[in-house]
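Asks: Questions regarding the structure given below will be posed in turn.
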2 protein chains.
Amino acid sequence: MRLPTTEYSIALPDWIDDALAGVPAVIDDVEGRMRLVHTLAQRNWREGNGGPFAALVAESDSGRIVSVGVNVVLASGVSSAHAEVTALALAQRVVGDWDLGGEGRADHELVVNWRPCVQCYGAVLWSGVRRLVVAGSGPELEQLTGFDEGPMREDWAAQFQARGIAVLDGVLRDGALETFAAYRDAVATDGITVYNARRG
Amino acid sequence: MRLPTTEYSIALPDWIDDALAGVPAVIDDVEGRMRLVHTLAQRNWREGNGGPFAALVAESDSGRIVSVGVNVVLASGVSSAHAEVTALALAQRVVGDWDLGGEGRADHELVVNWRPCVQCYGAVLWSGVRRLVVAGSGPELEQLTGFDEGPMREDWAAQFQARGIAVLDGVLRDGALETFAAYRDAVATDGITVYNARRG
């Protein structure tokens, strides 16, 4: 057997350069980091790359932005290419290690515009980040967007903490809800594809 | 801000070509598919690419092998590059769609040498495969290898089924346990890195 494909790549969309022009390389408050995430998430689905989700990895203390990610499922044709997976992988490439929490390294955090789906929940667990920052974590994402986030455990946050990952919830929550509501309205009027698991 | 990295790629190791030489492109029984997975998993950790895990995507009815994947966390420097994520992404590239279960498409299955970790559990959910085939699903993996598989829900299999993904468990179970035991022995004697989440 010869395999048709032995390698795949995931790229950020071209408009990211434009979106980051004028954005400082260091954002020293967590609200500022979330504001950037909201901006990228709002633009992402309008550009047709994937869902209304964005993330970034930053050094928690310095505020240096290490990577950003957006959901590129539609653009890449790869169902795992969610914003969190993309941002974490790019950060690991920048740092040169699969473990962002390795010895002697600054603490890294993932900032994302809602609680990750079950896949990205696991991706965060194995990434080495020391903190997860989310705008919210309730059922609003699924209610507004129609996305299935998968079966999560009730103790998801405690399970993070047991592995040395702090959770900061509720940072610029309204901004996330605005993004999801705008996406919902576009799905209703323009027939945008909500790619996801199938039912039964 | 200019990002240092906007793209990453995940490649199968060079030895995969060698390992697949002489393997037919169609394997029409599920045990045969699992046997190939066991062979790749056994070789993967010995080659130093990552953990003792392998996977493949096949068309369930025809037995055509669409892709294979191994855990390349160490080789790629990307913590999400587990065998399942790699095999699913490569299959999606071959098929040309993020949804392996799209209309008019043959049913696809993921064959893997144990129940996926929580990240890959989610990756399977969003992939479009119609069946998950595993050698086993109990605590033996974690007990033997020391890997943390993350917080899974008790109803994980029912949650798959509710989304149209059948689960076939117990296919060549002993082969998986042999792989994990060999890996455990090597960790004990040779100090192989068990990369994973950290504790508290």
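Asks: In the range A:69-84, what residues are buried (at least 23 other Cβ atoms within 10 Å of the Cβ) and free of Cβ contacts under 8 Å to residues at least 60 places away in the same chain?
Replies: A:G69, A:V70, A:N71, A:S80, A:H82, A:A83, A:E84 - these are the residues of the range A:69-84 that are buried (at least 23 other Cβ atoms within 10 Å of the Cβ) and free of Cβ contacts under 8 Å to residues at least 60 places away in the same chain.
Here's the yes/no breakdown for (1) touching a Lys or Arg at 6+ places or on another chain (Cβ under 6 Å); (2) closer than 26 Å to B:V124 by Cα:
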| position | (1), (2) |
| --- | --- |
| A:V111 | yes, yes |
| A:P116 | no, yes |
| A:W126 | no, yes |
| A:V134 | yes, yes |
| A:G138 | no, yes |
| A:D174 | no, no |
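Asks: Now, a different point. Quick one: count up the residues across the range B:50-70 that are modelled with pLDDT of 95 or more, part of a loop (DSSP other than H, G, I, E, B) and in contact with a strand residue (DSSP E or B) (Cβ under 9 Å, 6 or more places away or on another chain).
Replies: The qualifying residues number 4.
Asks: Going through the range A:150-163 one residue at a time, which ones are part of a loop (DSSP other than H, G, I, E, B) and more than 9 Å from chain B (Cβ to nearest Cβ)?
Replies: Correct list: A:E154 only.
Asks: Considering B:V129, B:V124, B:V94, which residue is in a helix (DSSP H, G or I) and more than 7 Å from chain A (Cβ to nearest Cβ)?
Replies: Details: B:V129 fails: in a helix (DSSP H, G or I); B:V94 fails: more than 7 Å from chain A (Cβ to nearest Cβ).
Checking each option against the conditions leaves just B:V124.
Asks: Restricting the range A:10-44 to residues that are in contact (Cβ under 8 Å) with a residue 24 or more places away in the chain and of a type in the set (S, T, N, Q), which is surrounded by the fewest Cβ atoms within 10 Å (Cβ to Cβ)?
Replies: Per the criteria, the residue is A:Q42.
Asks: Looking at (1) surrounded by fewer than 21 Cβ atoms within 10 Å (Cβ to Cβ); (2) at the interface with chain B (Cβ under 9 Å from one of its Cβ atoms), can you tell me which one A:E47 breaks?
Replies: Just one mismatch for A:E47, condition (2).
Asks: Moving to a separate point now. Quick check on my filter: what residues within the range A:150-161 are surrounded by 15 or more Cβ atoms within 10 Å (Cβ to Cβ) and either under 18 Å from A:L110 (Cα atoms) or in contact with a Gly (Cβ under 8 Å, 6 or more places away or on another chain) (or both)?
Replies: In the first step, residues of the range A:150-161 are kept if they are surrounded by 15 or more Cβ atoms within 10 Å (Cβ to Cβ); the result is A:150-153, A:156-157, A:159-160.
Within the range A:150-161, A:G150, A:W156, A:A157, A:Q159, A:F160 qualify.
Asks: So A:V72 passes all but one of these: (1) more than 9 Å from every other protein chain (Cβ to nearest Cβ); (2) over 16 Å from the mean Cα position of the chain (by Cα). Which condition number does it fail?
Replies: (2)
The values are calculated or read from the model by the stated rules, or taken from the named source; none is laboratory data. Just so we're clear, the structure is a prediction, and the values are computed from it rather than from any experiment. Neighbour counts are summed over all protein chains in view; Cβ atoms, including those assigned to glycine, are modelled from backbone coordinates with ideal geometry.
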